[in-house]
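The values are calculated or read from the model by the stated rules, or taken from the named source; none is laboratory data. All values reported here derive from a predicted model rather than from experimental measurement. Glycine also receives a Cβ, built like all others from the backbone with ideal geometry; neighbour counts cover every protein chain displayed.
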Amino acid sequence: MDKLEEILGKLSKNNGFSLNIQLVNEIINQGIEENASDIHIEPYKDLGKVKFRIDGDIIFKYNIPMFFYSFLVSRIKVICRMDIGEKRIPQDGKGEYRSGNCFYDLRCVTLPSVFGEKIVIRILKREDKIESLGDLGFSEEEDIKRILNYSNGLILVTGSTGSGKSTTLHSMINEIKGNNLSIVTLEDPVEYQVEDITQINMNAKIGLNFPSMLRSILRGDPDVIMVGEIRDHETAMITARAAITGHKVMSTLHTNSAASSIWRLKDMGVEPYIIASCLSLVISQKLVKKICPYCKKPHRISAEEKEVLGKDIMLYKGAGCDFCSNTGYKGRTAVYELLIADEDVKDKIKKEEKIEITNGIKENALKLLVSGVTSFEEYIKILYSGD
């Protein structure tokens, strides 16, 4: 922060080209250092604001004087190969960035607002190691691995935006790659670059969409197909038929529970008997923040917490330290439920009967709370989130 304040101080006296470049670099470097997934730069009447998304939360960092805000946006547009003269409409762009010995991909979006262009930068580290299912928080990884070894069938990962669905899909792909399989992914956009598989970036402007590319891929002798998201009837039907006809297919849906994903497919026009025939596994997941291991402390349960939990137990929270930027949290982990499509589940799908999951997301969140992985506040968010 001291270096950034020094640059801002110099800029207030001399709006030099090199200083503006230093400012942009320092903002991105600080985002990388603090492990931010996104940087938000927002214009207001008298100043601009820089915010980082860290562990899912938007955190305000500092103000930017408006007299060089436009240059800051233009510099980022140059990095991400966008039209610096176009300010009236949203733009998407991508660029490359080096910090130390590490290389990053930057995904950028601009949005025209009342006081200027808001800009959001997604930071993706190229060398990021894809974590194993166990490292992501899946204690039942052996069940998932067993189903991953099936030669065909549909595996769905469901959850809201930002719940880690793509990360889980790539972890599963990483688990099976190298097993003498032809693996092709359709992504919008490609976020993790994985060796030994074919990754295709969707581009609707030139006709590269999920339905058209799925048809082409199926003529190219694939064993495994990953579809970034099932969004419509056509994609749903092609995906289901591919899973029935000898392919292993993985994809995502925006639903809040594993069981509701079945009815989402039905709403898209896929008949229940087709769903029952193709489905192997549904993972529904959310993310909770983990208590910082460096400032983690036990605390006696309060009367309010005891009323919610119904028992007297020891809980934990982070006091805040330099390592976690005084938030008390560091990193996130998955809280999830599994729906394994065994014969009983398939029969219920065909009959359109209600499917109960005994060890659901809320039960798994409670286990993380009791074991000291997460806090009561994070547990409450899961407890009262939509089913």
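LYS362 fulfils the conditions (1) closer than 30 Å to VAL270 by Cβ; (2) touching a residue at least 60 places away in the same chain (Cβ under 8 Å); (3) in a helix (DSSP H, G or I) except for a single criterion, (2). For the stretch 206-233, the candidate set comprises residues that are assigned to a loop (DSSP other than H, G, I, E, B) and in contact with an Asp or Glu (Cβ under 8 Å, 6 or more places away or on another chain); within that set, the residue that is nearest to THR167 (Cα to Cα) is GLY228. If you go through the stretch 113-143 and keep only what is loosely packed, with under 14 Cβ neighbours inside 10 Å and farther than 23 Å from ASN174 by Cβ, you end up with SER113, VAL114. Answer yes or no: is there a residue in the stretch 353-364 that is within 16 Å of ALA259 (Cα to Cα), buried (at least 19 other Cβ atoms within 10 Å of the Cβ) and either touching a strand residue (DSSP E or B) at 6+ places or on another chain (Cβ under 7 Å) or not assigned by TED's automatic domain parsing to the domain that holds SER163 (or both). Checked against the condition, which is being within 16 Å of ALA259 (Cα to Cα), buried (at least 19 other Cβ atoms within 10 Å of the Cβ) and either touching a strand residue (DSSP E or B) at 6+ places or on another chain (Cβ under 7 Å) or not assigned by TED's automatic domain parsing to the domain that holds SER163 (or both), the stretch 353-364 yields at least one hit. Taken over the stretch 296-319, the residue count meeting the criterion of being surrounded by fewer than 12 Cβ atoms within 10 Å (Cβ to Cβ), among the aliphatic types (A, V, I, L, M) and within 14 Å of GLU377 (Cα to Cα) is 0. If you check VAL157, VAL120 for being modelled with pLDDT of 95 or more and either in a loop (DSSP other than H, G, I, E, B) or outside the structural domain of GLY93 (by TED's automatic domain parsing) (or both), only one passes: VAL157. Note on the stretch 47-83: among residues that are touching a helix residue (DSSP H, G or I) at 6+ places or on another chain (Cβ under 6 Å) and of a type outside the set (A, V, I, L, M, F, W, C), the one that is nearest to ASN326 (Cα to Cα) is GLY48. Would you mind stating whether ILE355 is among the β-branched types (Val, Ile, Thr) and part of a loop (DSSP other than H, G, I, E, B)? The answer is yes for ILE355.
Name the residue that is nearest to LYS266 (Cα to Cα), counting only residues in the stretch 319-348 that are at pLDDT 95 or above and acidic (Asp, Glu). Within the stretch 319-348, the match that is nearest to LYS266 (Cα to Cα) is ASP347.
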